[in-house]
1. So for region 81-152, averaging the separation of alpha carbon pairs under 8 Å that are six or more residues apart and normalising by length, what relative contact order in percent results?
2. Among Phe437, Leu524, Tyr285, flag the residue with its Cα farthest along the positive direction of the charge dipole of the chain, charges on Cβ as +1 for Lys/Arg and -1 for Asp/Glu.
3. Which ³J(HN,Hα) values in Hz, rounded to whole numbers, follow from the phi angles of region 434-450 under the Karplus curve 6.51 cos²θ - 1.76 cosθ + 1.60, where θ = phi - 60° and Gly and Pro get x?
4. Under 5 Å between amide H atoms, partner at least 5 residues away or on a different chain: which partners does His176 have, H built in plane at 1.01 Å?
5. Once each part is reduced to its C-alpha centroid, what is the distance from region 81-154 to region 531-549 in angstrom?
6. Each residue of region 265-277 in turn: what ³J(HN,Hα) in whole Hz from Karplus with 6.51, -1.76, 1.60 and θ = phi - 60°, glycine and Pro shown as x?
7. Can you tell me how region 107-217 classifies by the Cα gyration tensor, rounded, prolate or oblate, using a/c under 1.5 as the rounded cut?
8. Explain nothing, just compute: Karplus ³J(HN,Hα) = 6.51 cos²θ - 1.76 cosθ + 1.60, θ = phi - 60°, for every residue of region 291-305 in order, whole Hz, x for Gly and Pro.
Amino acid sequence: MTQELTSTDPARPAARSGEAPGWWRDAVIYQVYVRSFADSDGDGIGDLRGARSRLPYLKDLGVDAVWLTPFYASPQADGGYDVADYRAVDPLFGTLRDAAEFVRAAHDLGLRVIVDIVPNHTSDRHPWFRDPDLARERYVFRPGKGPGGELPPNDWESVFGGPAWTRTERGDWYLHLFAPEQPDLDWDNPDVAAEFDSVLRFWLDLGVDGFRIDVAHGMVKAPGLPDIGHGAQAKLIGSQVLPFFDQDGVHAIHRSWRRLLDSYDGDRIGVAEAWAPSPERLALYVRPDELHQAFNFPFLTASWDAAALREVIDASLAATASVGAPTTWVLSNHDVVRHPTRLGGPRRGRAATLLMLALPGSAYLYQGEELGLPEVTDLPDEVRQDPAFLRSRRTHTTGDNVPRADEDPADLSGQEGRRDGCRVPIPWSGDRPPYGFGPGGSWLPQPPSWRRLSVQAQTGDPASTLELYRAALSLRRRLPGLGDGSLTWVPAPPGVLAFARPGMLCTLNTLGHDVEIPVPGEPLLASVTPVTRDGLTLLPGDGCVWWAI
Ligand code: NOJ
């Protein structure tokens, strides 16, 4: 299935002047959800050529690297996280040559490229799973319980809802922690590890700078596959070690991948998408001989409250410092409600971004957040494609995909079927859908209000969210030492956070009203402009200000 490639001489990105090894320690990495970023051929689905054509935009925005979500051959049962051939590009997204050209074009601009790798499960259309004998060696098959084996082997639930087991025509059962179309691999079989080593090498040889490792906490299951004895297991993810998540055995896999990454030239990195019960357990994934970064989901799920934010920032910094790794920060991605909506409006969204970009470490941006895009909460059910929605036992009606009052909006690990709302193709230009997304339509409808939020509409408007992101990213580059390092907390009134970084002080007011504080310096950048008079400043409610000190 793999296409022929003639171009096998990847250019490496030019080092920035004065750049020390470890570009990733303070990098801003932009997530491109390929099917919703830019469409080159008019089928309404974003693709690699479309994404390549927008690389100058990303360079101009000021990011350091791009993370591409899966573009591999896949039946698309879970937006490409169900891979049928890890070495082929799905025709929906282009060809292997397009992938190579994307990497080369990014490198020519000095941007690095990270690709997704999905090692916990494959598609059920993967050749290994289609061969019944091979499948029983390389996936997790077990006999059922009950007199006729008609009950699942244990009580594990799929993250997408329902049992984590499906019965085959032969009568035995296979494990799928996600959709039934995503059978879990058996990592006890050395063939599985060997195949992933080869897949990683394939993409490293093509020139990629690293991997975002999907479900990095899931590949190893507890011996005997014990029952959990608790319903609603999705709610437990990230709050405790489960027999299928965050088992200690996963670290041997990450150590071996680190050796593989280190055997290549340049600084190639591994990033864990891991849900762990504490910052300390998450830090185990980024020990010096393991992966380089792990997504900081505790920060993403923190509530809009100064004390809660300070606690999660301190815990994250302490845990990663204990293993010598940088902390990462993230507010939005393709699995969660976009942060302006989740936090309670665009004003808080802008403030949260300035907070994130002032913190030491590396930050992940999700496409469209630089436009201040809100979650689309009124998609009609007929257009939804998220398997979590399709498998949900809850009744979803139009307009009912926002968290209900009895739900915790920050409980996102369970992925309760709302993910299409953050995956709507982004607006680039023009007055009518698809707003420059491509020459055809868009696979999910865009709200009419997005006309005012397009890249074109916001460019050059100093009050726009796009220009705020551009200014923040430019300041990050200009203020030496702002990326990596540590922070110093400064006394502040309740509800306000203040901390010093090299050359600047960041103040965040999480209260809904202005708070008076002594003027800390000259404003550098603000999510809402502060008013200063007679040595005092009114720190705007739900606002964040960077001050020159
Ligand atoms: C995490 C990915 O981000 C999500 O989109 C996917 O559904 C699951 N892993 C399963 O691969």
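1. On the way: 43 pairs, mean separation 21.7, N = 72.
Relative contact order of region 81-152: 30 percent.
2. Leu524
3. x, 6, x, 4, x, x, x, x, 9, 5, 10, x, 9, x, x, 5, 6
4. It is Trp165, Thr166, Asp184, by chain and number.
5. Centre-to-centre (Cα) distance: 50 Å.
6. So the Karplus estimates, Gly and Pro as x, are 6, x, 9, 8, 10, x, 10, 8, 8, 10, 9, 10, x Hz.
7. On the way: a/c = 3.30, a/b = 2.17, b/c = 1.52.
Verdict is prolate for region 107-217.
8. Going residue by residue, I get 7, 8, 9, 9, 5, 9, 5, x, 5, 4, 8, 5, 7, 7, 8 Hz, with x marking Gly and Pro.
A short reminder: the numbers here are calculations on the coordinates, not readings from a lab. Remember, predicted model here, so these are calculated numbers, not experimental data. No Cβ is skipped: glycine too gets one built from the backbone with ideal geometry, and neighbour counts run over all protein chains shown.
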